[in-house]
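Take a look at the structure below.
Since every read-out is calculated from the coordinates, none of them should be taken as a lab result. Fair warning: this is a prediction, and the values are worked out from it, not measured in the lab. Heads up, the Cβs are rebuilt from the backbone with ideal geometry, glycines too, and the neighbour counts pull from every protein chain shown.
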Amino acid sequence: MKHKRILTVVVTTALLLGLAMPVLAAVVTKTITVETDVKVYVNDKAIDAGDTHGNPEAFIYNGTTYIAAKAVSNSLGQNVAWDGNTRSVQISTPKEEVKDASAKTRFGVGEKVELKNVVVTLNSVTENRGANFMEPDDGNVFLVCEFDIENNSTKEIAVSSLLSFTAYVDDYAAGLSIGGIVAAGKNQLDGSIAAGKKMNGIVAYEVPKNWAEFEIKFTPDVWSGNDITFVATHE
């Protein structure tokens with residue numbers, strides 16, 4: 001059953017005041033009858049599409065559905081703002097925060113960190129029990145670390161899975177596992193990254209199944225001694 005509701009809405013109309021005059025916008029009000037009880041789904045998930053002023057979640061007027069911009073934008077992970085000076089709605093993608101490695105010593109999975117114009121993200125730390133004829137020893141698992149490395153400097157940098165990374169499992173040093181890399185079946189983090197370019201790949205380590213804390217350090221320049229430390233905990 002359709003629900004009817006009478007609303008008073010604000011409408012912006014253009015008033016043409018002579019050929020030599022610019023077009024001016026005037027704000028007027030108009031009372032309309034709309035259809036309500038409209039459900040809204042974003043990616044198959046129902047959302048509350050109302051606003052903070054008590055207006056209906058969504059309504060239909062003259063065959064067009066109207067939804068609060070803030071409700072839909074927020075459900076899509078977008079920022080929305082109202083500019084009263086220009087009477088406009090501004091929708092934008094949130095800027096991803098980049099952490100400064102000099103301001104903090106340890107970072108978590110998913111954090112984007114910058115050190116000397118090199119931006120590094122530990123995308124994931126996942127367990128792998130073996131594949132491609134490669135298996136860990138009894139009582140162990142492969143721990144696969146996937147990184148994104150972005151070179152925003154003005155010179156080429158070299159990345160070595162053996163030299164650029166240092167790992168510890170519960171404070172004990174862990175060695176790079178070629179078997180774990182082969183089992184994961186992804187690109188190994190070895191090679192050069194030109195200025196302005198990126199690299200994605202993995203390093204892997206063999207660790208006890210009951211590991212509690214995994215720490216991995218990435219050094220953008222092996223000669224500088226500066227590094228970025230990421231920490232993952234076993235859930």
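Just a few scattered comments:
- FRET efficiency for the Lys45 to Val89 pair, using the beta carbon distance and R₀ = 22 Å, is estimated at 0.45.
- Annotation: aspartates and glutamates with alpha-carbon distance below 17 angstrom to Lys209 (same-chain offsets under eight excluded): Glu127, Glu135, Asp137, Asp138, Asp170, Asp171, Glu235.
- The string of couplings for segment 109-116 from the Karplus curve (6.51, -1.76, 1.60, θ = phi - 60°) is 4, x, 7, 9, 10, 10, 9, 6 Hz, one whole number per residue in order, with x for Gly and Pro.
- Taking the average, over residues, of other Cβ atoms within 10 Å as the packing measure, peptides 135-148, 61-74, 79-92 rank 135-148, 61-74, 79-92 from highest down.
- Here r is the Cβ-Cβ distance between Lys112 and Lys209 and R0 is 22 Å; the resulting FRET efficiency, rounded to 0.05, is 0.15.
- Taking 7 Å steps out from each Cα toward its Cβ at Glu35 and Asn79 produces label points 3.8 nm apart.
- HN-Hα J in Hz across segment 159-164 - Karplus 6.51, -1.76, 1.60, θ = phi - 60°, x for Gly and Pro: 10, 10, 4, 8, 9, 7
- Length gained on full extension, Lys155 to Thr233: 24.6 nm, using 0.36 nm per residue less the C-alpha separation.
- Links that overshoot a 29 Å alpha carbon limit, given the list Lys155/Lys217; Lys116/Lys186; Lys45/Lys217; Lys112/Lys186: Lys45/Lys217
- Less than 5 angstrom separates the built amide H of Val42 from those of Ile47, all sequence-distant by 5 or more or on a different chain.
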